[in-house]
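Written out below as structure tokens is the structure these notes cover.
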Amino acid sequence: MSVQVWTYLLVGITFALYIGIAIWSRAGSTKEFYIAGGGVSPLANGMATAADWMSAASFISMAGIIAFSGYDGSVYLMGWTGGYVLLALLLAPYLRKFGKFTVPDFIGERYYSKTARIVAVCCALIVSFTYVAGQMRGVGVVFSRFLQVDINTGVIIGMIIVLFYAVLGGMKGITYTQVAQYCVLIFAFMVPAIFISLQMTGNPIPQLGMGATINDGSETFLLDRLNGLSTELGFAAYTDGAKDMIDIFAITLALMVGTAGLPHVIVRFFTVKRVKDARKSAGIALLLIAILYTTAPAVAVFAKTNLLNTVSNKEYSHMPKWFKNWEDTGLLLFEDKNQDGIIQYLADNSKNELTVDNDIMVLANPEIAKLPAWVIALVAAGGLAAALSTAAGLLLVISSSVSHDLIKNVFNPNISEKGELWAARIAATLAVIVAGYFGIHPPGFVAAVVALAFGLAAASFFPAIILGIFYKKMNKEGAVSGMIVGIGLMLYYMAKFKLGWLGEIPDNSNWWFGISPEGFGSVAMAVNFIVALIISRFTPEPPLQVQEITENIRIPSGAGNAKMH
Amino acid sequence: MSDQQKKATAYWKKNIRYVLVLLAIWFTVSFGAGILLKDALNSFKIGGFQLGFWFAQQGAIYVFVVLIFVYVRLMNKLDKKYGYNE
């Protein structure tokens, strides 16, 4: 069977599976819609969290980004996993004990203020919308590359599928489809990685193959070979990287803290039964995520070495078929600057003749390694699973922010359970349409902003939640001003140094403390903490009743069910 | 302070101790070994890996997973000891 047929087959089967699960797990109450009824097992929640978390970017782009940035790519590996330690130790158990439906729920009640809730809703919406647009685009891109349909048609097909199970099933439907999606995506990622590791090093475990010797009888370590190839062509040694240490530090911290502050991740811990389940499912989630995250750097090393060996200083006319295929998609660009018919891939931009898109490292890897057609099709199904699962999780946060936090708790507290459920479904539908619109007409800043969503989450939620749990005397004045100053500062820095909304983008040498916009979330978070602590000193203490709530969430027993209020 | 409160305070103190120790390890393997001390550690090699690079792209992640499961175990024990388990 051809790649095309395999792809239709595998994508068709997985989509049918997702829809089947959605019909089986329809939500009948708001509690089921927001938190899947609160009875999800730690294993299922761990798998759902892992799928929720690993987006199109993790699946398709990350290995490629690492392949082209070497050591610098470590910021994503440590940043996007280390956040789970913070979640498990500092947030998840207490938020579960608190037992509500959304992150703004916690902020609103702990800080006894509608203003705090509304500020939190705005932060949740800003973070989630920037993130979800990228996912819908990812769905479209996978469709167009593997099934030769138009990107826009791809986005619309993706919208319909997500709409179906997010609107019908709410959190309950999303949870169980995410469990299936995790299985699909991890299988799809591991199979080619294992094949390639075997081919290149003879070791079936990619994590070990990465540090092994090459299979060509030369007894050279793979990483030494790659370092040699890179420096020969004028790049930094693969294991050294090019970024400043302070920037690496700041970006890693911002990604870790941002991960722990992302509402669509936090809300998953509301769905388990007991506090101890929240801790355990954070561990399971990270274990399942780590499988992909420790494989990705290995894939990066294999793919980069393979690519350099295949193309560097080779004749263009002798390139294999995959080279021409990917040239057609525009992901590979060859421009014979010195007209010698040979591909020069060099660090020096004026002489370099080959431009390679990051995404190709995962998407074309099976072809480069000459793997069978079904493996190539599997990658397409995996990429779609990764994009759809993350999109659905984000859409749920958006719809519950609107129906629960705004309509139920601010504008119309008397709304009936049925009415609220309808409001949630309508909000989810609107959110899908808006996300799809951004997927089809991506504003230029979307790609830039997705990476910054973490900075925004770090600068807004993280300090407010941590202080709410660990500092009994933190009051609403402190928390609200901290959040506003934190997210405001982050938005300002983004606008100035990344988006160029405040006139021309200044040179990198103007960065504050040498920290890039991607890493600035750490600074904005620190400022949030400081502002919150100072303001709380000069304003009245929180009411005794609130201080008692804070003491109560520190004790794990009696978590019970999420209460309506 | 009532007995209930005393118990709760003691439990919380113990919890904070665990968290601080585990976070110290969290910081050491990632920001320490993977970033600040990376160049020094790179002079050691295990297999084909330079040690600092290995921590940044592999080791830190393994330790993170272990840390969470250690915390789960410690807290399950602590919950039992203080009668907060369910």
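Please say if segment A:130-171 is rounded, prolate or oblate, where rounded means a/c under 1.5 for a ≥ b ≥ c the square roots of the C-alpha gyration tensor eigenvalues, and otherwise the choice is prolate for a/b larger than b/c and oblate otherwise? Because a/c hits 1.5 or more and a/b fails to exceed b/c, segment A:130-171 counts as oblate. Computed about its Cα centre, the charge dipole of the protein assembly as shown is approximately 3040 debye, with only Lys, Arg, Asp and Glu carrying charge at their Cβ. Could you name the lysines in cross-link range of B:LYS77, using Cα to Cα under 21 Å and dropping any fewer than eight places away on the same chain? In chain and number order, the partners are A:LYS97, A:LYS273, A:LYS276, A:LYS280, B:LYS6, B:LYS7, B:LYS13, B:LYS14.
Residues A:LEU91, A:LEU533, A:LEU288, A:LEU502, sorted by accessible area with the largest first, give A:LEU502, A:LEU533, A:LEU288, A:LEU91 [1.4 Å probe; ligands and nucleic acids excluded]. Summary of packing: across the peptides A:191-197, A:4-10, the per-residue average of other C-beta atoms within 10 Å ranks them, highest first, as A:191-197, A:4-10. Per-residue shielding of A:83-89, expressed as the average number of other chain Cβ atoms within 10 Å of the residue Cβ, stands at 6. Within segment B:55-75, the residues that become at least 40 Å² less accessible when every protein chain is included than when their own chain is isolated (1.4 Å probe; DNA, RNA and ligands ignored) are B:ALA56, B:GLN57, B:GLN58, B:ILE61, B:PHE64, B:VAL65, B:ILE68, B:PHE69, B:TYR71, B:VAL72. Compared with the direct C-alpha span, the chain from A:ILE13 to A:ILE505 gains 172.4 nm at full extension, assuming 0.36 nm per residue.
Here each label is just a point 7 Å from Cα along the line to Cβ, and for A:TRP24 and A:SER218 those points are 5.1 nm apart. Solvent-accessible area lost on pairing B with A (1.4 Å probe, both sides summed) amounts to about 4200 Å². Restricting segment A:78-171 to trypsin sites (Lys or Arg not before Pro) that sit in a DSSP loop and have at most 11 other Cβ atoms within 10 Å of their own Cβ leaves nothing. Cut-off 16 Å, label point 7 angstrom out along Cα-to-Cβ of A:ILE426: give me the residues of segment A:386-410 whose amide nitrogen falls inside. Counting backbone N atoms under 16 Å from the label point, the list is A:399-410.
Per residue of peptide A:97-103, the mean number of Cβ atoms on other chains within 10 Å of the residue Cβ is 0. Stretched out straight at 0.36 nm per residue, the stretch from A:VAL434 to A:LEU43 would grow longer than its current Cα-Cα span by 137.5 nm. Rounded to the nearest 10 square angstrom, A:HIS441 shows an accessible area of 100 square angstrom against a 1.4 Å probe. Residue ranking by accessible heavy-atom surface, 1.4 Å probe, largest first, among A:GLU219, A:GLU477 comes out as A:GLU219, A:GLU477.
Relative to the longest principal axis of the Cα atoms of chain B, the long axis of helix B:3-27 lies at roughly 0 degrees. Projected onto their three principal axes, the Cα atoms of the protein assembly as shown cover extents of 82, 53, 52 Å, largest first. Rounded to the nearest 10 degrees, the inclination of helix A:3-24 to the longest alpha-carbon principal axis of chain A is 10 degrees. Projecting the Cα atoms of A:ALA242, A:LEU262, A:SER281 onto the charge dipole of segment A:230-363 (Cβ charges, centred on the Cα centre) puts A:SER281 farthest toward the positive pole. In a fully extended conformation the segment linking A:LEU346 and A:PHE470 would gain 39.4 nm over its present Cα-Cα distance, using 0.36 nm per residue. Across peptide B:27-39, the average count of Cβ atoms from other chains found within 10 Å of a residue's Cβ is 4. Ranking A:ALA303, A:TRP322, A:TYR493 by Cα position along the charge dipole of chain A, where only Lys, Arg, Asp and Glu carry charges on their C-beta atoms, puts A:TYR493 farthest toward the positive end. Using r as the Cβ-Cβ distance of B:ALA24 and A:GLN339, and R0 as 45 Å, what FRET efficiency do you calculate, to the nearest 0.05? Approximately 0.15, to the nearest 0.05. Applying 1/(1 + (r/R0)^6) with R0 = 56 Å to the Cβ-Cβ distance of A:ASN414 and A:VAL149 gives a FRET efficiency near 0.75.
Taking packing as the residue-averaged number of other Cβ atoms within 10 angstrom, the listed peptides B:48-55, A:323-330 run from highest to lowest as B:48-55, A:323-330. Name the lysines eligible as straight-distance cross-link partners of A:LYS243: C-alpha to C-alpha under 22 Å, and not fewer than 8 places from it in the same chain. By straight Cα distance, A:LYS243 reaches A:LYS304, A:LYS496, A:LYS498, B:LYS38.
The angle separating the long axis of helix A:275-311 from the principal Cα axis of greatest extent in chain A is about 20 degrees.
Oblate is the label for segment A:1-77, because a/c, from the alpha-carbon gyration tensor with a ≥ b ≥ c as root eigenvalues, is 1.5 or above and a/b does not exceed b/c. B:TRP12 exposes around 30 Å² of accessible area when a 1.4 Å probe is run over every protein chain in place. As a calculated quantity, the FRET efficiency between A:ALA526 and A:GLU548 at R0 = 30 Å, using C-beta atoms, amounts to about 0.50.
The values are calculated or read from the model by the stated rules, or taken from the named source; none is laboratory data. These numbers come from a predicted model, not from an experiment. Note that each Cβ is placed from the backbone with ideal geometry, even for glycine, and that neighbours are counted across all protein chains shown. Surface areas here come from the heavy atoms of the whole protein model, side chains and all, with no ligands, DNA or RNA. Shrake-Rupley method; radii C 1.70, N 1.55, O 1.52, S 1.80 Å.
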